[in-house]
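K.L.:
Input: one structure, supplied below.
Here, each number is a calculation from the coordinates, and none is a lab measurement. This one's a predicted model, so the numbers in the text were calculated from it and none came from an experiment. Cβ placement follows ideal geometry from the backbone for every residue including glycine, while neighbour counts extend to all protein chains displayed.
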Amino acid sequence: MKAEKKKKIIKTIKIDVDKCNGCQACEVICSALHATPKYSSNNPARARIRVIRDPLADVYVPVFAGEYTAAECAGRDKYTIDGKEYDECAFCRASCPSRDFFKEPDSGLPLKCDMCESDPSLTEPMCVQWCLADALVYEEREEDVEEDVTQEDIELGLEALANAHGWQKVMDTVARMSKKD
Ligand code: SF4
Ligand code: SF4
């Protein structure tokens, strides 16, 4: 299939760890937004963002929930910040069998940050709006991406043309054009 250039909106939340004060407002509002019904409860264990907190060292690191992984990975990352070593896996974004992070506490289902797209009325993700320390800053940019034209795209396009002009005209046109190649 031929690849086509398309515009894609890339959404980013920039995290300034130095500005985070560990207040956990981002966790509270994220869990409330995703409660059923919306805003009916809050429980940071259900949030799609977790703040790794080390108050004694004044270190707070917001981590957004990423992809679910069925198996834990074989490698480990070891972070040292201001001379203190942090747990292996501490800053990983995955919902993974090796720990309880980013799992719905009742069902165990994986949680993933959806950039608040479940609520199209929001102009900015809720965690960004509630972060009064400006540790989270939302940005959007447009990028050209190559997207494969799928069979479904072609069928939808042909169907639209057929509805407008009739199948016979579409088929005659395709036959004429293919002879040109
Ligand atoms: S709301 Fe902002 S300052 Fe508070 S914990 Fe979350 S990222 Fe840190
Ligand atoms: S962007 Fe939305 S879904 Fe993602 S962590 Fe923030 S509040 Fe939760």
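K.L.:
Only sites in a loop by DSSP and with at most 13 other Cβ atoms within 10 Å count here; which chymotrypsin sites (Phe, Trp or Tyr not before Pro) in segment 7-91 make the cut? Show your work: numbers first, answer last.
P.N.:
Values: sites: Y39, Y60, F64, Y68, Y79, Y86, F91; in loops: Y39, F91.
Hits after loop and neighbour filter: Y39.
K.L.:
Please express the shape of segment 64-125 as an equivalent ellipsoid: the semi-axes are the square roots of 5 times the eigenvalues of the C-alpha gyration tensor, given largest first in whole angstrom.
P.N.:
Values: eigenvalues 133, 58, 18 Å².
Semi-axis lengths for segment 64-125 are 26, 17, 9 Å.
K.L.:
Loop only per DSSP, at most 15 neighbouring Cβ atoms within 10 Å: give me the trypsin sites (Lys or Arg not before Pro) in segment 1-79, ordered by residue number. Could you put the intermediate results ahead of the total?
P.N.:
Working: sites: K2, K5, K6, K7, K8, K11, K14, K19, K38, R46, R48, R50, R53, R76, K78; in loops: K2, K19, K38, R48, R76, K78.
Those that pass, being in a loop and sparsely packed, are K2, K19, K38, R76, K78.
K.L.:
Along the charge dipole of segment 1-159, pointing to its positive end and built from +1/-1 on Cβ of Lys, Arg, Asp and Glu, which listed residue (W130, A71, C23) has its Cα farthest out?
P.N.:
Among W130, A71, C23, the one farthest towards the positive end of the dipole of segment 1-159 is C23.
K.L.:
Oh, and also: Rounded, prolate or oblate: which fits the chain when a ≥ b ≥ c are the square roots of the eigenvalues of the alpha-carbon gyration tensor, with rounded for a/c under 1.5 and prolate only if a/b beats b/c? Please report the intermediate quantities before stating the final value.
P.N.:
Details: a/c = 2.60, a/b = 2.30, b/c = 1.13.
In terms of gyration-tensor shape, prolate.
K.L.:
Per DSSP helix of 4 or more residues, -39500 (n - 2.57); summed, then divided by the residues of the chain. What does that give at 222 nm, rounded to the nearest 500? Walk me through the numbers before you get to the answer.
P.N.:
Details: 4 runs with 43 residues, N = 181.
Theoretical 222 nm ellipticity from helices: -7000 deg cm²/dmol.
K.L.:
About the Cα centre of the chain, how large is the charge dipole given +1 on each Lys and Arg Cβ and -1 on each Asp and Glu Cβ? Please answer in debye to the nearest 20. Numbers along the way, then the final one.
P.N.:
On the way: 25 positive and 35 negative charges, 54 e Å.
Its charge dipole is roughly 260 debye.
K.L.:
Count the lysine pairs in segment 1-137 that are 8 or more places apart or on different chains: how many have C-alpha atoms under 26 angstrom apart?
P.N.:
Counting lysine pairs in segment 1-137 gives 21.
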